[in-house]
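Just below is one structure, and these are the notes that go with it.
What follows draws every value from the coordinates through simple rules; no lab data is involved. Owing to the predicted nature of the structure, the values given are computational and were not obtained by experimental measurement. Here the Cβ positions follow ideal geometry from the backbone for every residue, glycine too, while neighbour counts run over all protein chains shown.
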Amino acid sequence: MQLRDFLSLALILVSTMLIFVVALQAKGTGFGAALGGQDAGFRTKRGVQRTLHNITIALSAVFISLAAWAVAAG
């Protein structure tokens, strides 16, 4: 297995996990939030929301790094 194959497989796995984590975050928002119907109050993330938010940031950083590495190696 060459480096390019490893990077492609890693990108597929990380992107799948990223999609899953983002879908979990969007679960409770509803359609009204997309149209601006959500309250404008400031709320902090707690518990599972905070963990999912941090995982999303970490997976995004890994995805961008892998994509840059794949382009440089390609």
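Using 1/(1 + (r/R0)^6) with R0 = 35 angstrom and r between the beta carbons of THR51 and MET1, what's the FRET efficiency to the nearest 0.05?
0.60
Please list, in order along segment 44-57, the HN-Hα scalar couplings obtained from phi with the Karplus expression 6.51 cos²θ - 1.76 cosθ + 1.60 (θ = phi - 60°), rounded to whole Hz, x for Gly and Pro.
Per residue, the Karplus-derived 3J(HN,Hα) values read 8, 7, 9, x, 5, 4, 5, 5, 5, 5, 5, 5, 4, 5 Hz.
Step through the residues of segment 5-17 one at a time and calculate ³J(HN,Hα) from phi using the Karplus curve (6.51 cos²θ - 1.76 cosθ + 1.60, θ = phi - 60°), rounding each to whole Hz and writing x for Gly and Pro.
Ordered by residue, 3J(HN,Hα) equals 5, 4, 5, 5, 5, 4, 5, 5, 5, 5, 5, 5, 5 Hz.
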